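*Asks:* Okay, here's the structure, questions in a sec.
What follows is calculated from the coordinates using simple rules that are stated; it is not laboratory data. Since the structure is predicted, the reported quantities are computational estimates derived from the model, not experimental observations. Backbone-built Cβ (ideal geometry, glycine too); neighbour counts: all protein chains shown.
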Amino acid sequence: MIRVELIRAWPGRHEALQLELPEGSRAGDALARAGWALDAGHPLLAVYGQRATPETVLRDGDRLELLRPLQADPKQARRRRAQRQPRR
């Protein structure tokens with residue numbers, strides 16, 4: 001058996017589950033066991049921040065993350081913040 005943690009988050013709240021799964025379980029198996037699904041609110045998966053698919057084989061101690069789509073391009077957001085900062 002392996003133990004994995006599933007995490008999904010929204011602005012201001014998050015949900016986390018600990019699961020025990022058989023060796024060789026995949027990310028899709030963990031989602032099915034938790035009753036979670038990929039949807040428009042959480043369309044992507046990652047294991048410790050590294051892109052994953054439902055076919056990704058999980059290992060003991062993995063953290064499977066359901067990711068939300070980006071609200072803004074990170075580079076553009078950083079540029080806007082830098083423009084608002086006074087120059088030194």
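*Asks:* Rounded to the nearest 500 deg cm²/dmol, what is the calculated helix-only ellipticity per residue at 222 nm for the chain, with -39500 (n - 2.57) per DSSP H run of length n ≥ 4?
*Replies:* Values: 2 runs with 19 residues, N = 88.
My calculation for the chain gives -6000 deg cm²/dmol from helical runs alone.
*Asks:* If you don't mind, another one. Below 12 angstrom from the Cβ of Ala52, what's the summed charge of the other residues (Lys, Arg +1; Asp, Glu -1)?
*Replies:* Numbers: positive: Arg26, Arg51, Arg59, Arg63; negative: Glu55, Asp62, Glu65.
That works out to +1.
*Asks:* Using the eigenvalues of the Cα gyration tensor, what equivalent ellipsoid semi-axes result for the stretch 2-84 when each is taken as the square root of five times the eigenvalue, whole Å, largest first?
*Replies:* Largest first, the stretch 2-84 gives 29, 13, 11 Å.
*Asks:* Relative contact order of the chain, please, whole-number percent, based on alpha carbon pairs below 8 angstrom and at least 6 residues apart.
*Replies:* Values: 139 pairs, mean separation 28.7, N = 88.
In percent, rounded to a whole number, it is 33.
*Asks:* By how many degrees, 0 to 90 and rounded to 10, does the Cα axis of helix 74-84 deviate from the longest principal axis of the chain?
*Replies:* Compared with the principal axis, the helix lies near 30 degrees.
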